[in-house]
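J.: Here's a structure for you.
The values are calculated or read from the model by the stated rules, or taken from the named source; none is laboratory data. Note that this is a predicted model, so its numbers are computed, not measured. Cβ placement follows ideal geometry from the backbone for every residue including glycine, while neighbour counts extend to all protein chains displayed.
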Amino acid sequence: MAKFRCTVCNYIYDEEKEGKKFSELPPNWVCPICSAPKSAFEEIGTEERIAEKVEIITTVADKIIEQLTATGVKFVFGIPGDSNLPLVEAIRKQNKIKFILTRHEETAAFMASAHGKLTGEVAACLSIAGPGATNLITGLVDATADGAPALALVGQVAQVLLGSEHLQEIDEIEIFAPFTVFLKK
């Protein structure tokens, strides 16, 4: 008996469990989970082959968190919101960086600054675009003034909306430039 996987939702049609061969299903049969057509299914073999067929999707946010982990970041302080949810989700999926929810972005920036001052290690503060980003400024200026390592992870509106004065769009580079430093080792 064979097994067939829906390439849309990964539902497995197991001929043995279903008691009917996949080829005997009517042509208009659809996946019971996502309603994909029969043509969206592919035959798979053993359980080991099922694991091979299921792709692990890596997002840009996953890669950012992977790089932050590699550089030693252990904490991200902040508030989740629409423009940073992919990063929050990437943090949730791993176990090396801890997300600390704050009540205000300014608090997140001061927490990252304090962590840097006390440990010498970089921590990150996280905000949404627009007003969330501007709320980080005081804490980041504090970190800069005291030479404490802190990293701001700031949301942004979609690239197609840049320059359109869309809701929450600000020129983040211009706003953060006066107190942002980057030192190469």
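J.: What is the number of the single condition among (1) buried (at least 17 other Cβ atoms within 10 Å of the Cβ); (2) within 20 Å of the chain's Cα centre (by Cα); (3) in a helix (DSSP H, G or I); (4) not charged (D, E, K, R) that Ala129 does not meet?
T.: Of (1) buried (at least 17 other Cβ atoms within 10 Å of the Cβ); (2) within 20 Å of the chain's Cα centre (by Cα); (3) in a helix (DSSP H, G or I); (4) not charged (D, E, K, R), only one is false for Ala129: (3).
J.: Turning to a different aspect of this structure: Yes or no: segment 147-164 includes at least one residue that is touching a strand residue (DSSP E or B) at 6+ places or on another chain (Cβ under 6 Å), at pLDDT 75 or above and outside any strand (DSSP E or B).
T.: no
J.: Here's a follow-up. Could you run through segment 66-103 and say how many residues are surrounded by 15 or more Cβ atoms within 10 Å (Cβ to Cβ) and under 21 Å from Ala148 (Cα atoms)?
T.: 12
J.: Counting just the residues of segment 132-147 that are over 22 Å from the mean Cα position of the chain (by Cα) and not aliphatic (A, V, I, L, M), which one comes out surrounded by the most Cβ atoms within 10 Å (Cβ to Cβ)?
T.: Residue satisfying both the conditions and the ranking: Gly139.
J.: Would you confirm whether any residue within segment 114-122 is within 25 Å of the chain's Cα centre (by Cα), at pLDDT 90 or above, β-branched (Val, Ile, Thr) and within 18 Å of Ile91 (Cβ to Cβ)?
T.: yes
J.: Which residues, counting only those in segment 113-136, are free of Cβ contacts under 8 Å to residues at least 40 places away in the same chain and either in contact with a Ser or Thr (Cβ under 6 Å, 6 or more places away or on another chain) or closer than 11 Å to Leu153 by Cβ (or both)?
T.: Leu136
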